[in-house]
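**Q** I am attaching a structure below and will ask some questions about it afterwards.
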Amino acid sequence: MMETMEATDRDFSILEHVIRDYIHTAEPVSSARIARNIRYKASPATVRNIMMRLDDEGYLEQPHTSAGRVPTDKAYRYFVDTILAEESRMRQKEERLPESVPALHRFVHELAEETGLFTMMSLDKNSVLWAGMDELFDEPEFREYDVARAFASFVEEAHDRMKYFYQYESSAPQVFIGKENPFPDGSHFSSVVGRPTRSSIIISIGPKRMDYERATDVIRRFLQSI
């Protein structure tokens, strides 16, 4: 939640519009564009003042002096907490996943296609299946050397990196943003994690600009289907 008493419902609305715009376009967001797209009437000057306040509060930042603004990790956390706050808790299931490796591969490929994210499933902390490499490298963030290198390191150490997530026992999808990720070099990414059974884990990972609503919904539906 926002930490300042000065924030208003309109501030929250502007922040949500900025986040959704940036998720969709991957381009810094200008006050003029937000003013054109919001449902209620507000001038670009009013929107600009709100965005400056959100900047001061640490929810937005300017990547370049003349550019629009982009969400920070703090903004994504607010956004995710807002989405997930209304979701009911899920009980962890005791059923077993299909034992057929081809069937599990299909599960993982389908999840990667639906989320548009790199997706991995670990069955016993040792066996890891994954899919969605092409989906991830279509994202503009991965044209940056540091991001691509960090992701390559993650994939190379996938077996060990997956183990970090077994400490989280909630069966409902959990979202880790940037430095919240419990593995080295995670600051460039966000991950959505689910626990199909006590011995298994599913992770969809991508840029912090990921579509959080879509990813959490896909993982939730998957968990409910088994």
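Read-outs: derived from the displayed coordinates by stated rules, not from any lab. All figures in this text were calculated on a predicted structure; none of them were measured in a lab. Here Cβ is always computed from backbone atoms with ideal geometry, including for glycine, and neighbour counts include all displayed protein chains.
**Q** May I ask for the angle, rounded to the nearest 10°, between helix 212-225 and the longest principal axis of the chain, with both axes built from Cα atoms and the value confined to 0 to 90°?
**A** Around 30 degrees separate the two axes.
**Q** Where a ≥ b ≥ c are the square roots of the eigenvalues of the C-alpha gyration tensor, would you call segment 101-225 rounded, which needs a/c under 1.5, or, failing that, prolate if a/b is larger than b/c, or oblate?
**A** Note, shape of segment 101-225 comes out rounded.
**Q** May I pose another question? Based only on other Cβ atoms within 10 Å, what is the fewest-to-most ordering of ARG161, ARG221?
**A** Placing the least packed residue first, the sequence is ARG221, ARG161.
**Q** Of the listed peptides 127-140, 19-32, what is their order by residue-averaged count of other C-beta atoms within 10 Å, with the highest listed first?
**A** The densest-packed peptide leads the list: 19-32, 127-140.
**Q** Can I ask one more? Output the 0 to 90 degree angle, nearest 10, between the alpha-carbon long axis of helix 9-25 and the longest principal axis computed from the alpha carbons of the chain.
**A** Value to nearest ten degrees: 60.
**Q** Something else about it: What are the lysines whose alpha-carbon lies under 27 Å from the alpha-carbon of LYS125, with same-chain residues fewer than 8 places away excluded?
**A** Filter leaves LYS93, LYS163, LYS179, LYS208.
**Q** Need one number for segment 9-85: average projected area of the convex hull over its C-alpha atoms, nm².
**A** In nm², the orientation-averaged hull projection of segment 9-85 is 4.9.
**Q** Relative to the longest principal Cα axis of the chain, at what angle does helix 73-85 sit, 0 to 90 degrees, rounded to 10?
**A** Between the helix axis and the principal axis of the chain, the angle is about 70 degrees.
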